[in-house]
């Protein structure tokens with residue numbers, strides 16, 4: 001692969017690293033405000049709301065401009081939201097504004113792969129893209145956990161106390177936000193050097209009513225396509241389940257393993273390690289035309305989540321979470337590549353990725369809402385884990401039964 005592909009990967013890595021580090025800084029800011037526990041999953045809901053509300057417009061926008069330019073604009077929006085968080089805007093609203101930038105960023109970062117690479121390289125390219133995204137999740141969890149940790153906060157207080165000018169940085173979360181701003185600026189710099197590709201799907205009409213109607217036309221088109229349907233259903237389930245699992249791990253680690261927030265935060269990175277392993281394996285072993293054959297792995301993933309309910313040893317917990325990640329990565333990468341391929345053929349990459357984001361983030365919104373209600377109802381952590389794992393397994397079993405014999 002030439003330099004342009006690696007520039008795309010670098011831009012995605014630093015942008016994703018910033019997103020994931022910022023999440024934990026925002027969680028800590030909520031804790032500092034003594035916010036109720038249900039606001040923690042709602043924080044992510046505010047982030048994904050833009051993916052749903054803006055879905056009819058971000059796809060056409062991403063297809064109408066060079067995607068490197070779209071990625072630069074998106075990072076600029078993220079920088080504004082991050083700076084607003086630093087200035088004291090409520091974390092729900094500031095992190096939600098960062099989500100607006102991410103909603104615009106996603107169709108460009110994935111859409112550029114289908115424009116830049118041939119179809120037979122999409123699974124491989126997605127393996128790299130998801131692998132580096134997972135690396136960003138791992139590093140973001142580690143860096144975020146360290147930056148908001150008690151020991152680091154004491155160190156920051158000691159060092160900043162010696163300075164006459166500290167730029168308004170008084171706490172560890174505020175320092176973490178400054179670090180995140182640096183990540184976003186690095187990502188924006190890489191965006192400037194992304195290869196400029198021809199615009200394949202210019203907007204025939206910029207009228208908002210047309211864009212709205214066209215979005216729902218494409219929505220139905222993708223859901224009626226058998227391969228589009230299964231790949232869209234699986235990726236939507238994965239992101240809804242995966243995002244909710246990050247929050248479940250936080251309370252599960254506190255209950256079963258007696259971990260504090262810093263330790264639990266870093267434990268979420270363990271799933272990402274397994275996800276990276278599964279992604280690499282899938283990229284090497286699963287060709288695009290055999291993507292649907294990996295569906296049974298989703299059933300196994302759900303059962304592994306159920307098994308978490310009886311784990312109370314830290315080493316066994318690490319093994320279980322790595323296994324969950326491996327299984328997830330093994331079916332996500334082929335499904336993601338299949339969805340991009342079908343979407344690119346049917347309507348254009350930007351449109352299809354926006355549709356993917358709409359469905360995936362609607363899934364995140366619903367599953368986080370269900371999780372928040374279980375927290376509010378004060379259900380035992382073990383019950384939450386079992387219900388969540390069974391839901392994943394049963395849903396994947398239904399999809400396997402319906403689509404297990406579909407072929408490209």
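Each reported figure results from applying straightforward, stated rules to the coordinates on display, with no laboratory input. All figures in this text were calculated on a predicted structure; none of them were measured in a lab. Backbone-built Cβ (ideal geometry, glycine too); neighbour counts: all protein chains shown.
Normalised size of region 254-408, defined as Cα radius of gyration per 2.2 N^0.38 Å with N residues, equals 1.13. Reported to the nearest whole Å, the Cα centre-to-centre distance from region 19-75 to region 308-383 is 17.
Just so you know, the Cα atoms of region 314-406 work out to an Rg and Dmax of 16.5, 47 Å. In the chain, helical runs assigned H by DSSP with n ≥ 4 each contribute -39500 (n - 2.57); averaged across all residues and rounded to the nearest 500, the mean residue ellipticity at 222 nm is -28000 deg cm²/dmol.
Structural descriptor for the chain: relative contact order 28 percent, calculated from alpha carbon pairs under 8 angstrom and at least 6 residues apart.
Remark: 271, 186, 230 ranked as 186, 230, 271, counting other beta-carbon atoms within 10 Å and listing the fewest first. When you restrict to C-alpha pairs under 8 Å that are six or more residues apart and normalise by the size of region 301-408, the relative contact order lands at 51 percent. One chain, two ends: residue 217 and residue 285. Fully extended at 0.36 nm per residue, the span grows by 21.0 nm beyond their Cα-Cα distance. Which of the three applies to region 207-326, rounded, prolate or oblate, going by the alpha-carbon gyration tensor with a ≥ b ≥ c and a/c under 1.5 meaning rounded? Prolate is the answer for region 207-326, as a/c is 1.5 or above and a/b outweighs b/c.
Computed on the Cα atoms alone, the convex hull of the chain gives a volume of 131 cubic angstrom per residue. Put in order of Cβ neighbour count within 10 Å, fewest first, the listed residues 33, 342 become 33, 342.
The alpha-carbon atoms of region 235-302 define a convex hull whose volume equals 88 cubic angstrom per residue.
Each residue, residue 210 and residue 196, gets one label point 7 Å from its Cα in the Cβ direction; the gap between the two is 2.5 nm. Across region 219-358, the relative contact order, built from alpha-carbon pairs under 8 Å that are at least six residues apart, equals 36 percent. Extending 7 Å from the Cα toward the beta-carbon at both residue 383 and residue 254 defines two label points whose distance is 1.8 nm. By other beta-carbon atoms within 10 Å, ranking 28, 39 with the fewest at the front produces 39, 28.
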